[in-house]
Amino acid sequence: MTGLTLDRLRRNGQAFTEELSREGYLAHSGHKSEAEYTPIYDKYADVLGEEALELTLNAFKETAKGTEEHRSASLLLEWQLESQASRSLADLDEKEIAWESSAVITTAEGEQIQYQAAVIEIANEKDRKKRIAIDDARVKLVAEEHAPLKLERLKREKDFIESLGIASTYNAAFEEITGVSLTNLAADCAAFLRDSQSMWDETLPHHLKKSIGIKPSEATRSDALALLRASEYDGAFPGQHLQSSISRQLKEMGLDPTAGGRIVYDMGERDGKRARAFCAPTRVPEEVYLVLRPHGGAHDYTTLLHEVGHALHFANVRSDYPFEYRWLGDNSVTESYAMLMDHRMQDRGWMLRYTEIGSGNVENFLRLAGFEELHYLRRYCAKLIYEVQAYGGAATWDELPDLYVETLTAATTFQYRTADAFVDFDPRYYSTRYLRAWQLQAQINEALVSRFNEDWYRNPSAGPWIVNELWSEGQRESAEEIASRVSEKGEKLSFAPLLRNIESLLGS
Ligand SMILES: [Zn+2]
C-alpha cells in the first residue's frame, strides 16, 4: 500500500471534503443541474480506502480515553464511517438529486407544481380543499418514486455500517463511536412528550380554530404547514429588510456579518435552487456560503438567523486547528449556534428592535412562537423515537410506515401519511444532533444572559466573547462538554430549560 499516515489522511481528507462541499453548494444552489460526486470519490480513493479506515480504527483503539490524541482519533473514525457509508451511496444520492430537481406533481385538477416547491405551495394555500388536493398529489408521487429511493438508501446504509463489525447492532455501533446514548435520549424524549402533553392539549385547539377553523380530530400535516406559516404577520417581516436587519443586529453585538468577507450570502432567486436553505462551508474558515431562497414572511427571518449562526461559526474557527477540529465533530455544536440565533425570534426585545412586529402584536406572535416551538419539539422527539425503533429493527421495513404514522400522529395530533415514512427520516441519526443542539442553545442563551444581560444580542462585548469561547473552537468538543463549560453550575443537557421557555411564551 501507500503507507498512509494520519497527517497525510488529514491533508488529503481536507482537500476531498472541500471538493465535496463545493460540489454540493453548486448543485443545491442551482449553479449546476446535477451533483457529480463520483469523480471526487474516485480522485480521493485513498482517503476512503480500507487502509484509511484501519488507520483511524487503530488510532481510536490505541489511544487512551481522555487524551487529545483519542479525541482526534474518535472524530477521524466517525468521519471515516460516515464518509465511507456516503461513498457507497453516492450513486443513489446523485439519482435522488437529479430526480428532485426535475420532479413535478400534478393535482387532480391538472395543476402542475415543482416537487421541491410543493411544501411551500401547501403552506401558502389558504383554501383547505386545494391544500389537501396538492398534498394528495404530492403523496402519490412520493409513494411511487421518492419513497422507494429513500428506502433503498436506508437499507444499504444500515447494511454497510453493520458489515464493519464495530458492534453487534447498528444502534450499538452509533453509540460506541459518537458517545451519544440513544437509549437515554429516547427516554428523555418520551418524558418530554408526557410532560408537555397537557400543555399541548390546551394550546392546540385554540390555534387550530383561530387559524383554520377546524377541530383537532380533523387536522392533517398539511394543515400544520399552513398553520405554522403564520402569514398574518408577513407585514412585520418585510423581505427588503431581511438581510439588513439581521446584519444590523450582528454589528451591534460586535460582529462582522461577513466575517471579514469570508461569508458569501447567496440570497437570490434561481431555477434549481433548493427550497430548503443551507450553509456550505467549502473552506473552513476561509470560504463559507449561505444559501437561502426567500419565500416571504417570518420564516425567512428564522431561516436566515439559523444559517447565519452556522456561517459565523465556520468562518470564525481557528485556522491553526487540525482538519478534524475545524471540519468534523459533533454537529449538535454547530446546530446549537444556528438555533441560538434563530431563537431570537422568540425573544421579545429582539423582535421589537429588529422587526416591525410592534408592541401591539408581539404578545400574540410570541404565543404562536411558543406553540410552534412545542409542536416542533414534540415532532422531533417522536421522530427520534421512531428512528431508534426503525434502525433498531423493532419492526420490519414493511411495518415501518404504520409505525411512523402512529408515532408522529400521536405526538403532534396532525394526521401523518405512510408515504412519508422514509422521506421524513434523518439518516445516521441527525435528529440526535438537532435535539441535543436544541438543549444546548437554551443553556448557552442562559449563560449569555447571565454574562451580558437579557439583551446580549446588542452588547458589543457578546459577539467577541462567543467568537473566542465558542466559535473559534470549531467542533473540537461535544455538546455535553460545552454545556458543562458554559453553564455556571456545570449542568447537563436536558429539556428542562426548553420546557420553561415554552411555558413562559405560552403564558405571555
Ligand atoms: Zn442547521
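How high is the relative contact order of segment 398-508, in percent, counting Cα pairs under 8 Å that sit 6 or more residues apart?
For segment 398-508, the relative contact order is 24 percent.
I'd like the Karplus ³J(HN,Hα) series for segment 493-498: coefficients 6.51, -1.76, 1.60, θ = phi - 60°, whole numbers in Hz, and an x wherever there's a Gly or Pro.
Working through the residues one at a time gives 5, 7, 7, 4, x, 6 Hz.
Which aspartates and glutamates have a Cα lying under 17 Å from the Cα of K251, excluding residues fewer than 8 positions away in the same chain?
E307, D342, D455
Which lysines, if any, have their Cα less than 24 Å from the Cα of K492, not counting same-chain residues under 8 positions apart?
Within reach: K65, K383.
Quick one: grab the alpha carbon gyration tensor of segment 451-502, order the square roots of its eigenvalues as a ≥ b ≥ c, and give me rounded if a/c is under 1.5, else prolate or oblate depending on whether a/b is larger than b/c.
Verdict is oblate for segment 451-502.
List, in order, the whole-Hz ³J(HN,Hα) value for each residue of segment 213-223 obtained from phi through the Karplus relation with A = 6.51, B = -1.76, C = 1.60 and θ = phi - 60°; use x for Gly and Pro.
So the J values, rounded to whole Hz, are x, 10, 8, x, 5, 8, 6, 10, 5, 5, 5.
For K140, give me every one of the lysines with a C-alpha distance below 20 angstrom, ignoring sequence neighbours fewer than eight places off in its own chain.
Once the sequence-local lysines are set aside, what remains near K140 is K95, K129, K130, K150.
Please say if the chain is rounded, prolate or oblate, where rounded means a/c under 1.5 for a ≥ b ≥ c the square roots of the C-alpha gyration tensor eigenvalues, and otherwise the choice is prolate for a/b larger than b/c and oblate otherwise?
Rounded.
Take the alpha carbon gyration tensor of segment 111-203, find the square roots of its eigenvalues, order them as a ≥ b ≥ c, and report rounded if a/c is under 1.5; if not, report prolate when a/b exceeds b/c, else oblate.
Oblate, since a/c reaches 1.5 and b/c is not below a/b.
Could you give the distance between the Cα centres of segment 1-64 and segment 439-502, to the whole Å?
32
If you rank E373, E50 by fewest surrounding Cβ atoms within 10 Å, what's the result?
E50, E373
In whole Hz, what ³J(HN,Hα) sequence does segment 65-77 give by Karplus (6.51, -1.76, 1.60; θ = phi - 60°), x for Gly and Pro?
Calculated HN-Hα couplings, in order: 4, x, 8, 5, 5, 5, 4, 4, 4, 6, 5, 5, 5 Hz.
Which of S461, S487 has the fewest other C-beta atoms within 10 Å, and how do the rest follow up to the most?
Ordered by Cβ neighbours within 10 Å, fewest first: S461, S487.
Evaluate the charge dipole of the chain about its Cα centre and quote only its size in Debye, nearest 20, assuming +1 on the Cβ of each Lys and Arg and -1 on the Cβ of each Asp and Glu.
1100
Skipping prolines and chain starts, which residues have an amide H placed within reach, meaning under 5 Å, of the one on Q415, given they are 5 or more residues away or on another chain?
For Q415, whose amide H was placed from the backbone, the distant partners under 5 Å are T220, R221.
Restricting to bridges with both residues inside segment 186-506, how much of the DSSP beta-bridge set is antiparallel, in percent to the nearest 5?
Percentage antiparallel, nearest 5: 50.
Could you check the simple spin-label distance between H70 and K95, using points 7 Å along Cα→Cβ, in nm with one decimal?
Each label point lies 7 Å from its Cα, and together they span 4.2 nm.
What residue among L193, I166, V180 has its Cα farthest toward the positive end of the dipole of segment 154-235, where the charges are +1 on Lys, Arg and -1 on Asp, Glu, each on the Cβ?
Ranked along the dipole, the leading option is L193.
Identify unpaired cysteines across the chain, taking unpaired to mean no other cysteine Cβ lies under 4.7 Å from the residue's Cβ.
C279
Each value in this text was obtained by applying a stated rule to the coordinates, not by laboratory testing. Because the structure is predicted, anything quoted here is derived from the model rather than measured. So basically every Cβ, Gly included, is an ideal-geometry build from the backbone, and we count neighbours across all protein chains shown.
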